Amino acid sequence: MSFHSDNETGVAPEIFAALAAVNDGTVMPYGNDQLTASLNESLSRLFGTEVNAFLVVTGTASNVLALSTMTPPYGGIYCHEKAHILVDECGGPEFYTGGARLLPMTGADGKLHADDLAVVLREQRDDVHYIKPSALSLTQVTESGTVYTPEDVTDLCRLAKDKGMHVHMDGTRFANAVASLGCHPADITWKAGVDVLSFGATKNGAIAAEAVVFFNQTLAQDFSARRKRGGHLPSKMRFMAAQFNAYLENDRWLGYATHANRMAEKLAVELNEVPDVEFSYPVQANLIFADMPQAMLKAIQDTGYQPDYWLWENGRCEVRFVTAFNTREQDIEQLMKVIRSL
């Protein structure tokens with residue numbers, strides 16, 4: 001376990017078994033199979049409202065295709081300055097929307113805040129010469145490992161809707177947010193005003209399975225064509241559907257995330273006892289950002305661990321530790337044994 005990312009992990013055994021179970025025989029391709037068809041019903045039960053869901057292979061595809069349904073080429077998408085759609089998706093939102101502009105905002109603890117958004121929207125000019133505010137994108141869990149509460153999401157969505165904007169949620173770690181908050185999935189999505197959720201499974205036990213979940217049915221009308229034209233309609237869809245159905249069955253999605261969060265909490269408690277280590281953000285899910293001396297990071301790397309890090313000029317660095325659905329307590333103990341020895 002390197003603690004570099006939850007992308008590095010293997011596959012949950014239940015999901016792997018589900019793939020093997022659908023490997024016999026033939027079924028209709030491109031999602032015209034019963035397993036894929038049942039996904040809408042399963043997700044509708046989960047969220048307590050009728051949804052229209054579409055499977056794609058990557059988180060980037062789920063985000064950029066979702067945004068393309070709510071933003072014209074002359075539109076603007078408000079997001080946090082650390083948002084994945086801004087920093088890590090290689091201009092994908094601009095490409096799939098035909099040129100819409102991402103409008104980054106600062107925000108403490110990696111979150112957008114309603115007071116700040118209110119000021120920005122109030123100063124936005126309604127003029128043909130200016131970008132038209134079209135969408136708000138929230139990342140849940142944020143790139144700083146923090147979590148939007150139901151009240152946070154509701155307040156932000158209300159401001160966006162008052163301005164005639166749609167709301168997208170990048171939920172690549174959505175399960176970890178729900179596990180952290182102990183709330184119903186609806187409380188931080190459609191009940192709060194979210195139109196479309198990119199519901200991730202890949203970081204939480206799947207091989208490659210992401211669902212674009214539409215609560216706003218109007219936005220879903222042409223998504224099938226957008227997905228196909230964008231090159232994200234796999235022919236053997238049953239294998240993606242098998243992953244996601246197994247993910248949802250018996251609330252495994254929540255169980256996996258709860259375990260990952262618990263392992264992060266354990267690691268945070270241990271790190272908090274190490275001299276000269278400080279947390280950059282509150283630990284609220286399965287991401288830990290720890291400020292430590294660069295020499296400590298190098299010693300950690302020399303033993304084989306490869307966490308993400310950012311260097312500072314004063315000889316210190318910010319190190320990111322990520323736990324996952326299959327992180328073991330002995331993995332944490334082994335890492336801490338190395339750190340304590342320093």
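The values are calculated or read from the model by the stated rules, or taken from the named source; none is laboratory data. Just so it is clear, the structure is predicted and the values come from calculations on it, not from any experiment. For neighbour counting, all protein chains shown are included, and Cβ atoms are generated from backbone atoms with ideal geometry for every residue, glycine included.
Summary of values
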{"item": "One residue from M28, M1 being surrounded by fewer than 21 Cβ atoms within 10 Å (Cβ to Cβ), outside the structural domain of F174 (by TED's automatic domain parsing) and either polar (S, T, N, Q) or not in a strand (DSSP E or B) (or both)", "result": "M1"}
{"item": "Among residues of segment 219-239, those that are among the basic types (K, R), assigned to a helix (DSSP H, G or I) and touching a residue at least 24 places away in the same chain (Cβ under 8 Å), counted", "result": "3"}
{"item": "Selection status of T142, part of a loop (DSSP other than H, G, I, E, B) and either more than 25 Å from D308 (Cβ to Cβ) or outside the structural domain of T218 (by TED's automatic domain parsing) (or both)", "result": "no"}
{"item": "Residues (in a loop (DSSP other than H, G, I, E, B), touching a residue at least 40 places away in the same chain (Cβ under 8 Å) and not hydroxyl-bearing (S, T, Y)) located in segment 44-93", "result": "G48, E50, V51, V57, M70, P72, K82, A83"}
{"item": "Top-ranked residue in segment 291-303 [being over 11 Å from F3 (Cβ atoms) and under 28 Å from the mean Cα position of the chain (by Cα); ranked as surrounded by the most Cβ atoms within 10 Å (Cβ to Cβ)]", "result": "M292"}
{"item": "Members of segment 67-85 found to be touching a helix residue (DSSP H, G or I) at 6+ places or on another chain (Cβ under 8 Å) and of a type in the set (A, V, I, L, M), listed by number", "result": "L67, M70, I77, I85"}
{"item": "When residues of segment 98-138 are limited to those that are among the β-branched types (V, I, T) and in contact with a strand residue (DSSP E or B) (Cβ under 7 Å, 6 or more places away or on another chain), the one modelled with the highest pLDDT", "result": "V120"}
{"item": "Filtered residues of segment 269-290 (kept if surrounded by 16 or more Cβ atoms within 10 Å (Cβ to Cβ), in contact with a helix residue (DSSP H, G or I) (Cβ under 8 Å, 6 or more places away or on another chain) and in a strand (DSSP E or B))", "result": "L287, I288, A290"}
